[in-house]
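None of the figures in this text is laboratory data; all of them are computed from the coordinates on show. Keep in mind it's a predicted model, so treat the numbers as computed, not measured. Don't worry about glycine lacking a Cβ; one is built from the backbone with ideal geometry, like all the others, and counts go over all protein chains shown.
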Amino acid sequence: MSVMREFWNNRKLLINMSKSDFKNRYSGSYFGVLWAVVQPLMTILIFWFVFQVGFRAQPISNVPFILWLCAAMIPWNFFADAVINSTGAFTSYSFVVKKLVFKIALLPLVKVTASFFLNIAFNILLILIYSLYGDFPGIHLLSILYFNICLFALITALSYFLATLNVFFRDTTQIVGIFLQFGIWLTPIMWQESIIPHNLLWLVKLNPIYYIINGYRDALIEDKWFFEHPTQTIYFWGITLLLALISLVFYKKMKSHFADVL
């Protein structure tokens, strides 16, 4: 609760730093923040071309493959971008970490919020794409909002542990990048979970990202609400809160050594 109060009391600083961080990612490039949209969009188009044109993927759940794919790729792009950037939160802002008066607890959240700005744009694009295909989600946009909150909470919980670990073990960013490369294939984003034997499906569902990916597709394609999977909901929030607790304990224990290492 003390951490939450600290975030709230410094919300203006958090938003301003997040905006600045987002702009600084692409400072000096000719197209600037446009690259933030082009790069993940190209990734989606490449996967669409490979599966739709190359492998001739058929419509899934009675919707075109591109709609089915985008419903999973949009939340995954936010997750991957925010996790990899927040891992370097303390090291990239080492010049302020050493200042005792600065609230360094804000830094991982600055990185997550900066990625969330882009996520908002992609969610709007996702809704526009579905609308062009005549599948406007309507009232189920509330479920999309809920799953964005879930995603933000999960990433934030991970970010404090990874950012703290990266201060003392600088290879963390590269290791996280490798895990994300595996993660996109271990999560049912480009493939259907129906190909997994039923008795092994529980292994797929252990991944908390599955809950969000499946929730997006349920809301956009199946017109289902997030509360229609109570067991998965309890599991997801249990895992997220456990990760948050571990991360904050680890951060508070190690933060006194940041200035010495950085």
Original post:
Cα-Cα over 28 Å: which of K23/K103; K23/K253; K111/K252; K111/K253; K12/K255; K19/K255?
Top reply: K23/K253
Subject >> Listed residues N9, Y211, V176: farthest to the positive end of the dipole of the stretch 2-261 (Cβ charges) >> reply: N9
Original post:
How would you rank R5, R217, going from fewest to most other Cβ atoms within 10 Å of each one's own Cβ?
Top reply: R5, R217
Subject >> Set of the stretch 121-159 residues, backbone N closer than 20 Å to the point 7 Å along the Cα-Cβ line of F227 >> reply: 138-151
Subject >> Most fluctuating residue given options K224, K111, K252, as computed from a GNM of the chain linking Cα atoms under 10 Å >> reply: K252
Original post:
Add -39500 (n - 2.57) for each DSSP H run of 4 or more in the chain, then divide by its residues: what number comes out at 222 nm, to the nearest 500 deg cm²/dmol?
Top reply: -22500 deg cm²/dmol
Original post:
Where does each of D171, D135 land when they are ranked from fewest to most other beta-carbon atoms within 10 angstrom?
Top reply: D171, D135
Original post:
So how much slack lies between S131 and K253, counting 0.36 nm per residue of separation and subtracting their Cα-Cα distance, in nm?
Top reply: 39.1 nm
Subject >> Gain on full stretching of the segment that runs from F169 to L206 - 0.36 nm per residue minus C-alpha separation >> reply: 10.6 nm
Subject >> Estimated FRET transfer efficiency (I124, I149; beta-carbon r; R0 22 Å; 0.05) >> reply: 0.85
Original post:
Rounded to the nearest 0.05, what FRET efficiency is calculated for N24 and I178 with R0 set to 25 Å and r the Cβ-Cβ distance?
Top reply: 0.45
Original post:
So what is the relative contact order for the chain, in percent, with contacts set as C-alpha pairs under 8 Å and at least six apart?
Top reply: 24 percent
